[in-house]
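Below is one structure; the comments refer to it alone.
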Amino acid sequence: MSADGRPAQLIDRAKAKVATLARASAGSVQVVSVESVEWPDSSLGCPQAGMMYAQVITPGYKIVLSAGGQSYEFHSATDPEGALIRCGGQNRP
């Protein structure tokens, strides 16, 4: 956790994923927003059809980044090394 309360390790991991997707440097990836959320279940707000999820409130983050004129939204729990899901994207954990 950084001094401003943002999940630094999760943001760095998301930036690395966006850099790969956008074929850009991690330094060129911009943080649009970081929001603390309580996901309604363990799907982290990105359920997949046919999957079962624990019905438990899961604290985490919604991280929105941009690169190359596109936005990328990632969802996570609070574990800095846990799942980092690109919601609506193809790169599931």
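Answer with yes or no whether Ala26 is touching a Gly at 6+ places or on another chain (Cβ under 8 Å), among the aliphatic types (A, V, I, L, M) and surrounded by 14 or more Cβ atoms within 10 Å (Cβ to Cβ). No, not satisfied.
In the stretch 21-31, is there at least one residue being touching a helix residue (DSSP H, G or I) at 6+ places or on another chain (Cβ under 6 Å) and modelled with pLDDT of 95 or more? The answer is yes, given that some residue of the stretch 21-31 is touching a helix residue (DSSP H, G or I) at 6+ places or on another chain (Cβ under 6 Å) and modelled with pLDDT of 95 or more.
Residues checked against (1) over 12 Å from the mean Cα position of the chain (by Cα); (2) touching a residue at least 12 places away in the same chain (Cβ under 8 Å):
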residue	(1), (2)
Gln9	no, yes
Ala22	yes, yes
Ser28	yes, yes
Asp41	yes, yes
Gly45	no, yes
Met52	yes, no
Lys62	no, yes
His75	no, yes
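Output yes when any residue across the stretch 55-64 is among the basic types (Lys, Arg), assigned to a strand (DSSP E or B) and modelled with pLDDT of 95 or more, and no when none is. Yes: the stretch 55-64 contains one or more residues that are among the basic types (Lys, Arg), assigned to a strand (DSSP E or B) and modelled with pLDDT of 95 or more.
Of Val37, Val18, Val31, which residue is buried (at least 16 other Cβ atoms within 10 Å of the Cβ) and aliphatic (A, V, I, L, M)? Spell out the reasoning first.
Numbers: Val37 fails: buried (at least 16 other Cβ atoms within 10 Å of the Cβ); Val31 fails: buried (at least 16 other Cβ atoms within 10 Å of the Cβ).
From the options Val37, Val18, Val31, the qualifying one is Val18.
Looking at Arg6, is it among the basic types (Lys, Arg) and either in contact with a Cys (Cβ under 9 Å, 6 or more places away or on another chain) or crowded, with 19+ Cβ neighbours inside 10 Å (or both)? When the stated conditions are applied, Arg6 does not pass them. Applying the criterion of being touching a residue at least 60 places away in the same chain (Cβ under 8 Å) and not in a loop (DSSP other than H, G, I, E, B) to the residues of the stretch 77-87, the residue that is surrounded by the most Cβ atoms within 10 Å (Cβ to Cβ) is Leu84.
The values are calculated or read from the model by the stated rules, or taken from the named source; none is laboratory data. Only a predicted model underlies this, so the values are computations on that prediction, with no experimental measurement involved. With ideal geometry, Cβ positions are generated from the backbone for all residues, glycine too; neighbour counts draw on all protein chains shown.
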